[in-house]
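The values are calculated or read from the model by the stated rules, or taken from the named source; none is laboratory data. On a predicted model such as this, the values are computed, not experimentally measured, just so you know. When we count neighbours, we look across all protein chains shown, and the Cβ atoms used for this are built from the backbone with ideal geometry, even at glycine. The accessibility values were calculated without ligands, DNA or RNA, using every heavy atom of the protein model including side chains. Shrake-Rupley method; radii C 1.70, N 1.55, O 1.52, S 1.80 Å.
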Amino acid sequence: IQLLNYNQTDYSHLTDKDYVTCINDTNHCVQSLIEKVHFNDTKPENMNIYISNLKGNYIMIFKDNEWQIQDKKEKIDDLYEYNEMILENWYDECKEKYPNIIQSFQSYLKNKDESDTINDVKNNILLMLYNKRKMVNQNNLLE
């Protein structure tokens, strides 16, 4: 397995069904997308981010073909925003094809403006990045 650099994460394996499933997860749609992209057994080359220690302020990112330590809060914010943009772009292109997702996505947009909602989701992403660190380890992706 050749691990992809974090900034080259591959989204091409995602199907419309994957996006629909994520969006139907309403408030957790971004978290669902991150999980489908970075912790997918069929796409181990995307396992390029994890948290090794919940108490620390750092996150591990595969960048420039090596593991690098970066600021945890900043990277989780970036991860959230980038994946939200991916979802929004897909939604804008496909909502006519899948009208049943419109209400879920509108609910997400409405709910995300409540600060507790977005903080809860980011906290869940943090926990996922920690709890799924073993997937990175099991695939021998760590140096």
message: Explain nothing, just the number: relative contact order of the chain, from Cα pairs under 8 Å at least 6 residues apart, as a whole percent.
response: 32
- line: Heavy-atom accessible area of TRP90, protein chains in place, probe 1.4 angstrom, given in Å² to nearest 10, is 20
statement: Applied in sequence order to the range 93-103, the curve 6.51 cos²θ - 1.76 cosθ + 1.60 (Karplus, θ = phi - 60°) yields integer Hz couplings, x standing for Gly and Pro, of 7, 10, 5, 5, 6, 10, x, 5, 8, 4, 4
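Show GLU88, GLU81 ordered by accessible area, largest first, where the area counts protein heavy atoms only and the probe is 1.4 Å. Provide the component values of the computation, followed by the final result.
Values: GLU88 55, GLU81 105 Å².
Sorted by accessible area, descending: GLU81, GLU88.
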task: Restrict the search to the range 48-114; then list the trypsin sites (Lys or Arg not before Pro) that DSSP places in a loop and that have at most 11 other Cβ atoms within 10 Å of their Cβ.
output: LYS55, LYS97
statement: Matching label for the computed Cα extents along the principal axes in Å, out of [x] 56, 41, 25; [y] 45, 32, 22; [z] 34, 31, 31, is [y]
task: For the range 77-143, with all protein chains present and a 1.4 Å probe, just round the carbon and sulfur fraction of the accessible area to a whole percent.
output: 42
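Quick one: ranking TYR58, TYR6, TYR19 by accessible area, 1.4 Å probe, largest first, what do you get? Please list the in-between numbers first.
Values: TYR58 135, TYR6 40, TYR19 20 Å².
Result, largest first: TYR58, TYR6, TYR19.
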- line: Within the under-12-Å Cβ sphere about LEU54, not counting LEU54, Lys/Arg +1 and Asp/Glu -1 give a net charge of +3
- prompt: Amide H of TYR58: which non-local residues (sequence gap of 5 or more, or other chain) have their own amide H closer than 5 Å, using H built in the peptide plane?
  reply: LYS72
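Within the set LYS63/LYS134; LYS17/LYS73; LYS36/LYS95; LYS43/LYS110; LYS73/LYS134, which residue pairs have Cα atoms separated by over 25 Å?
Details: LYS63/LYS134 19 Å; LYS17/LYS73 30 Å; LYS36/LYS95 20 Å; LYS43/LYS110 32 Å; LYS73/LYS134 21 Å.
From the list (LYS63/LYS134; LYS17/LYS73; LYS36/LYS95; LYS43/LYS110; LYS73/LYS134), the Cα-Cα distance tops 25 Å for LYS17/LYS73; LYS43/LYS110.
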- line: Residue-normalised 222 nm signal for the chain, counting each DSSP H run of n ≥ 4 as -39,500 (n - 2.57), nearest 500 deg cm²/dmol, is -16500 deg cm²/dmol
- prompt: Gaussian network model of the chain, Cα springs within a sub-10 Å range: biggest mean-square fluctuation belongs to which of MET128, MET85, MET60?
  reply: MET85
